[in-house]
Structure formats: structure tokens, C-alpha cells
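K.L.:
Starting off with a structure, shown below.
The values are calculated or read from the model by the stated rules, or taken from the named source; none is laboratory data. All figures in this text were calculated on a predicted structure; none of them were measured in a lab. Quick reminder, even Gly has a Cβ in these numbers, built from the backbone with ideal geometry, and neighbours come from all protein chains shown.
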Amino acid sequence: QHVPTVMSINEVVTIIKAMKGTNRLMAKFMYVGGLRLMEVVRARIHDFDFDNEKFLVRDGKGAKSRITCFPKQIHDDFHLHFEQVKSWYENDLSQGLCNTYLPHALARKYPGAPTA
């Protein structure tokens, strides 16, 4: 029987410290929250509950949703990331770069929809 190889805590910390930016934040969240890659990739801002230290995983493995921990030790990292992304979005919006394609009839009926 094959025994799985598990990395030590020091090895994981070394790998995460070598990463930068969004990849580092995602790896940290996967490690401390016990999440799978696609669960982190599909995360939405309203899935984070900072007050109760919980994170809602939507349609995880087996198309099931669940609640998992969201430790305080990474709250500041996520607040900083959300502010940075919001700044980028507002900058793009001010330059008219945040439009989504809509068919002509829908775009005429809902003129504000492409930027909502």
C-alpha cells in the first residue's frame, strides 16, 4: 500500500513565502482554510464573512456547498487585496473599459447593464 507524501509545515511556509501577489494570497487561503484550488478561484466577495470568520464554499466537490473557517490571520491580506482590485475596477470604469457585451436589443432596453 502506498503511503502519501505530506509536506512539513516548514516546507509549506517556505513555498508560500516564495510566492507573490494574488498567487500567494490564494495559496495562503488554501492552506489555512483547507480549500481546493477551484474553490478559491470561484470565491466571490460576498462569500467572505469577516465578522464570524467564515467562508462560504459554493458548489464545491460533488456540487455541494459548505461553510469553512476564514482565520483572522489572513483578514488584512484580503482587505488589502479587495481595496486594490476595487481601485483597478474604478480606474477602468472611469476610462470606459468595463463594459460587458450585450445583444443590441438588451443594451438598448437596459443602458446601464454593461457596467453594472
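K.L.:
Look through region 1-24, keep the residues that are at pLDDT below 90 and among the polar types (S, T, N, Q), and return whichever of them is farthest from Lys72 (Cα to Cα).
P.N.:
Out of the qualifying residues, it is Gln1.
K.L.:
Another one. If you go through region 42-54 one residue at a time, how many are over 14 Å from His81 (Cβ atoms) and in contact with a helix residue (DSSP H, G or I) (Cβ under 8 Å, 6 or more places away or on another chain)?
P.N.:
1
K.L.:
Given the options Ala43, Ala27, name the one that is small (Gly, Ala, Ser), within 19 Å of His75 (Cβ to Cβ) and assigned to a loop (DSSP other than H, G, I, E, B).
P.N.:
Within the list Ala43, Ala27, the selection yields Ala43.
K.L.:
Okay, moving on. Considering region 67-86 alone, what residues qualify as being among the aromatic types (Phe, Trp, Tyr) and either part of a helix (DSSP H, G or I) or more than 15 Å from Phe55 (Cβ to Cβ) (or both)?
P.N.:
Residues satisfying the conditions are Phe78, Phe82.
K.L.:
Also, I was wondering about something else. Pairs please, first residue from region 41-67 and among the hydrophobic types (A, V, I, L, M, F, W, C), second anywhere and assigned to a loop (DSSP other than H, G, I, E, B), Cβ atoms under 7 Å, 6+ apart in sequence or on different chains.
P.N.:
Taking only residues 6 or more apart or on different chains, the pairs are Phe48/Phe70; Phe55/Phe70; Leu56/Ser65; Val57/Leu35; Val57/Ser65.
K.L.:
Another one. I'm checking my understanding of the structure. Among residues of region 53-66 that are more than 21 Å from Ile16 (Cβ to Cβ) and in a loop (DSSP other than H, G, I, E, B), which one is modelled with the lowest pLDDT?
P.N.:
Gly60
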